[in-house]
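Please treat every number below as a calculation from the coordinates, not as lab data. The shown structure was predicted, so the numbers you read here are calculated from the model rather than taken from an experiment. No Cβ is skipped: glycine too gets one built from the backbone with ideal geometry, and neighbour counts run over all protein chains shown.
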Amino acid sequence: MFMLAASRPFRRAVAGPCGLLTAGAGDCTTRTRAKQTRAPWRVVAAALLALAALPAATVLIPALRSVAAAMTVEPMEIATKSGVVVLEVEVAQTDAERTTGLMYRKSLPDHHGMLFDFQVDQPVYMWMKNTYIPLDMLFIRSDGTIARIATMTTPLSTATIASGEPVRAVVEIAGGTAKKLGIAPGDTVAHRVFKQK
């Protein structure tokens, strides 16, 4: 029994030049080397599993913010019955910008919004997926007149919000802003994307 114990001594793990070694093992053993070559794969696999477990928003938000940062901010005027309202709008002209929109934002300052330019008049369908704040959506014809307003849209909803007729653009502003500023269907929007009469 002593000989058996001597032939298989108790080995305590210690750090050595090859990573984790066992006392009395001397240089790196074949078994230790095999574990070391597999270790990077285990680390990569664990990292991939961790990424897969993260919500999509955690991975996508930085990419979406870079799209939003690339959009230009321009002034836009709306002639209402009570006077001219000036808004600062981010202009979404590319497919990526239009797809991202105001997703994942937690707030939208007063007199700010986003202009979605679809280049030509067409039926437009919007939704609120991944949008955390209620919005007012102004559906605007190519001549700059507001065709329809969808007010206080429901955050995170996947229900479609239709333009009701072909429109050139949509402006999204914070929910309740259209009523507060007196913006109504028939009002005229002045911006470079619309043909003015």
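Below is a table of values for the structure above.
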quantity	calculated
Rounded to whole Hz, the Karplus (6.51, -1.76, 1.60) HN-Hα couplings of segment 102-109, x for glycine and proline	9, 4, 6, 7, 9, 7, 9, x
Net charge of Cβ neighbours under 11 Å - reference Thr131; Lys, Arg +1; Asp, Glu -1	+2
Per-pair calculated FRET efficiency, R0 = 25 Å: Gln196 and Asp110 via Cβ, rounded to 0.05	0.45
Whether segment 66-190 is rounded, prolate or oblate, judged on the alpha carbon gyration tensor where a/c under 1.5 counts as rounded	rounded
Per-residue ³J(HN,Hα) for segment 143-153, Karplus 6.51 cos²θ - 1.76 cosθ + 1.60, θ = phi - 60°, Hz, x for Gly and Pro	7, x, 7, 7, 7, 7, 10, 9, 9, 6, 4
Alpha-carbon centroid distance for the pair segment 102-138 / segment 143-197, whole angstrom	9
Under-5 Å amide H pairs with Val167, H placed in peptide plane, nonlocal only	Gln122, Val124
Aspartates and glutamates whose Cα lies under 12 Å from that of Lys180, excluding same-chain neighbours fewer than 8 positions away	Asp110, Asp136
Calculated FRET efficiency for the pair Ala96/Ala184, C-beta based, R₀ 25 Å, to 0.05	0.20
Charge sum, other residues only, whose C-beta stays under 10 Å from Val73's C-beta, Lys/Arg counted +1 and Asp/Glu -1	-3
